[in-house]
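Single-structure report; data block below.
The values are calculated or read from the model by the stated rules, or taken from the named source; none is laboratory data. Computed from a predicted structure; not experimentally measured. Neighbour counts run over all protein chains shown; Cβ positions are idealised from the backbone, glycine included. Side chains are part of the model used for accessible areas, which takes the heavy atoms of the whole protein and leaves out ligands, DNA and RNA. Shrake-Rupley method; radii C 1.70, N 1.55, O 1.52, S 1.80 Å.
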Amino acid sequence: MSAKTLRNLLTALGILLLGMIVAVGLVKMGKKPERQAPPPSRPMVSTFTVSPDSEPIRVTSFGAVQAKRSITIVPRVNGEIVEKSPHFEAGGYFSEGQTLLRIDDTDYIMAAEQARANVAQSEYNLALAEEEAQVALREWERIGSDNIDPDASNEPTSLVLHEPQLKLAQANLKSAQAALDQAELNLRRCTVTAPFDGRVLDSSADVGQFIRSGTAVGTIYATDIAEVTVSIADEDLAWITVNRTPGNDGIPVDISADFAGARHHWQGQAVRIGGAVDSSSRQVAVVVEITDPYKSSGSRPPLIEGMFVDVLFSAAPPAGAVVIPRSALRPNDKVWVIDPESRLQIRDVQVARAGVEQAIITGGLEAGERVCTSNLQYVTSGLPVRIEGDQEKGGSK
């Protein structure tokens, strides 16, 4: 190593050593910063102000629309379909008494004519039997007094008076009349008519098709009343009024559904409770009726069989009760009340009902008080909080 290189290396080491000495001196001469306590944490919360004008209690459920009356069309005679109404297609509307199907009635017309002829023949036979009975009675009256056997009865037997022949003729007439009634009934059954105003759910018959008695050819339902059966928890039944009687339509029930990109509403009434508790869910069925549900009203479309709908029951809260959002009710029937100093206070309340969206409080809260609806991880009574939307001191939020 040359002398020049050694000299440069020693110079650099000296400068580095001098810098380290100066840095250590500056650190020892400097003042340590004072330790300061962090400002107290004040979480931001949302609140709900308890109102003296309580909202109605809402119980929600859902179900599918189904007609109150729905029947399967089953012809009761055999034959070929010769006419079918254009309304007897899926979705078609029809009126009471309107012809849906007509079956070839040629055979049934001839059967009815034959039955009428049999009735006429039986009427003739009965008249003949009655006349013969009258003749037999007159003959007996004429020769009966000449009876030479003193021990013999003076009364004629039923056979002598032609009574069995008369009863047979009467029975034959009744049989012939019954056969005529049956033939005329079968003839009328060749025309299948609608028993009520309604709509076709499905149809499986067409012109030229041969059908047999008892074969289902379609399903129709009445359009005057529809039903929605919903499942309600036992504790919610207390808030549902089922008292429809003549002259009393009960409390309206709101039925709503999304259809064609919009929300539509219908009005119904709870009319009865199901006959048994569901064995799996332990809930009770409540039947809601909707009047004229399949008719359009303005921009509102008609309901459709099988449509899924939401059902909303409403009821007035108990006297003195207040309604708060469900999010404000905490476990073990507690609420977080925000006092005038913006401090959170944990309070016990009396709960009449805790639904999905609402909680009905019958004790422990007064109108005008604010309850916290936000969720906090750690909560203690007296915790300072900031109210969302309030102006803090100094003009900052």
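Observations
- Accessible surface of H265 - all protein chains present, 1.4 Å probe, nearest 10 Å²: 90
- Solvent-accessible surface of protein heavy atoms, probed at 1.4 angstrom with all chains present, puts L17, L137 in the order L17, L137, largest first.
- Label of the coordinate-derived value, Cα Rg over 2.2 N^0.38 Å, listed as (i) 1.41; (ii) 1.04; (iii) 2.20: (iii)
- S158 exposes around 60 Å² of accessible area when a 1.4 Å probe is run over every protein chain in place.
- Accessible area (Å², 1.4 Å probe, nearest 10) - R42: 100
- Between helix 106-143 and the chain there is an angle of about 40 degrees, using the helix long axis and the longest principal axis of the Cα atoms.
- Label positions at S256 and I15, each projected 7 Å from the Cα along the C-beta direction, are separated by 8.1 nm.
- With Cα atoms, 0 to 90° folded angle of helix 163-188 axis to the chain main axis: 40
- Region 205-360: C-alpha gyration tensor shape, a/c 1.5 cut-off, then a/b vs b/c: prolate
- Where E123, E141 fall by accessible area, highest first, once all protein chains stay in place (1.4 Å): E141, E123
- Listed residues S280, S61 arranged by accessible area, highest first, probe 1.4 Å: S280, S61
- Translational diffusion coefficient (Stokes-Einstein; Kirkwood radius from C-alpha pairs) of region 248-328 at 37 °C, 0.692 mPa s, in µm²/s: 215
- Remark: the V22-S327 segment gains 103.5 nm on full extension, using 0.36 nm per residue and subtracting the alpha carbon distance.
- Distance between region 332-350 and region 175-251 - C-alpha centres, whole angstrom: 58
- Label-to-label distance, nm, for residues given as V135 and M110 (7 Å Cα→Cβ offset): 3.8
- Point-to-point label distance, S231-N243, nm (Cα→Cβ direction, 7 Å offset): 2.9
- Selection among S279, L376, Q209 by position relative to the dipole of the chain gives L376 as farthest towards the positive end (Cβ unit charges, Cα centre).
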